[in-house]
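Since every read-out is calculated from the coordinates, none of them should be taken as a lab result. The model shown is predicted, which means the values in this text are computed figures rather than measured ones. No Cβ is skipped: glycine too gets one built from the backbone with ideal geometry, and neighbour counts run over all protein chains shown.
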């Protein structure tokens, strides 16, 4: 059995009121996907059994997991936890105008060229349907810092596909009315993996930014197929004595 320990950085979680798990490991698949587990994972026969961040017991085939890479990822994450990098210097930008959500411009999808029509037997779909992502921003809002030092963008992301979404990263960028970037921030997520149909909360900090006219979100993730572990699976997968 190979085990390791890792926790989501305590400073980030404490700043947002999120509880960090006592310990965690990282699993790396042979395809390169990274999956954070709650507590240690265990090799049982031809399966690697583990607990997801939401407490669900799951498993992956042993031949689909890169065990040396999993040990290395766990060790590297532990090193980052024990020696966190210093926070970046905030970018100071002048506030230009203060707007609310009601002032944001809504961009309509472009009209199809004259004479074109949907394919026979298929309903017309919105333009964004072709670029639909596995994990999308479901809701968002802007919140002023209690210290008056800037803004926070908060909300939720949702997994819209029927496989486990892992390695989730959300980047938020704000713009003024001249389409100039006011800053980009990597959001802090309440979970780095989301089960099908599940959601996770996020928060992105923008110090010294007090107004904006547009927010853009970029979500990247990997998808992993996991198998729910039952009592029968555990019994069949137990190593022979």
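One table, with the values for the structure above:
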| quantity | calculated |
| --- | --- |
| Burial ranking of peptide ranges 134-142, 176-184 (average Cβ count within 10 Å, highest at the top) | 134-142, 176-184 |
| Extension gain, residue 62 back to residue 138 (0.36 nm per residue minus Cα-Cα distance, nm) | 23.9 nm |
| Pairs of Cα atoms farther than 12 Å apart, region 43-82, % | 67 percent |
